[in-house]
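Reading through the structure tokens given below for one structure.
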Amino acid sequence: MLVLITYDVSTVTNAGQKRLRRVAKICQRYGQRVQNSVFECIVDTTQFTSLKLELSDVIDKSTDSLRFYRLGKNYKNKVEHFGIKNSIDLEGPLLF
């Protein structure tokens, strides 16, 4: 299933800046960055549960925001893109 993850981490303090980097690194392990604080991740149910747990352990729930949008398996009909920075088809073949 395709999951869209968005986050807003308060970077007023050094601890906040570290949380922001940790959140981004976790998201990069599961998918691709499509905007500054937005990732598209193709995951199964187990991976999604792990991802949510990892991220919820990192953020400060009193100052940060984390959102998950489950677009499901038929996501290709639900996503439209205009402009630069096309996303990579994560389920397609890898060509070098």
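Every number here is computed from the coordinates shown, using simple stated rules; none is lab data. Since we're looking at a predicted model, the values are computed, not measured.
What the table shows:
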| item | result |
| --- | --- |
| Per-residue ³J(HN,Hα) for segment 47-64, Karplus 6.51 cos²θ - 1.76 cosθ + 1.60, θ = phi - 60°, Hz, x for Gly and Pro | 4, 4, 4, 4, 4, 4, 5, 4, 5, 5, 6, 8, 6, 9, 5, 8, 10, 10 |
| Theoretical gain in end-to-end length, Tyr69 to Gln17 [0.36 nm per residue, Cα-Cα removed] | 16.3 nm |
| Residue-span extension gain [Asp57 to Ala24] - 0.36 nm each, minus C-alpha spacing | 10.5 nm |
| Alpha carbon convex hull of segment 1-87, volume per residue in cubic angstrom | 92 |
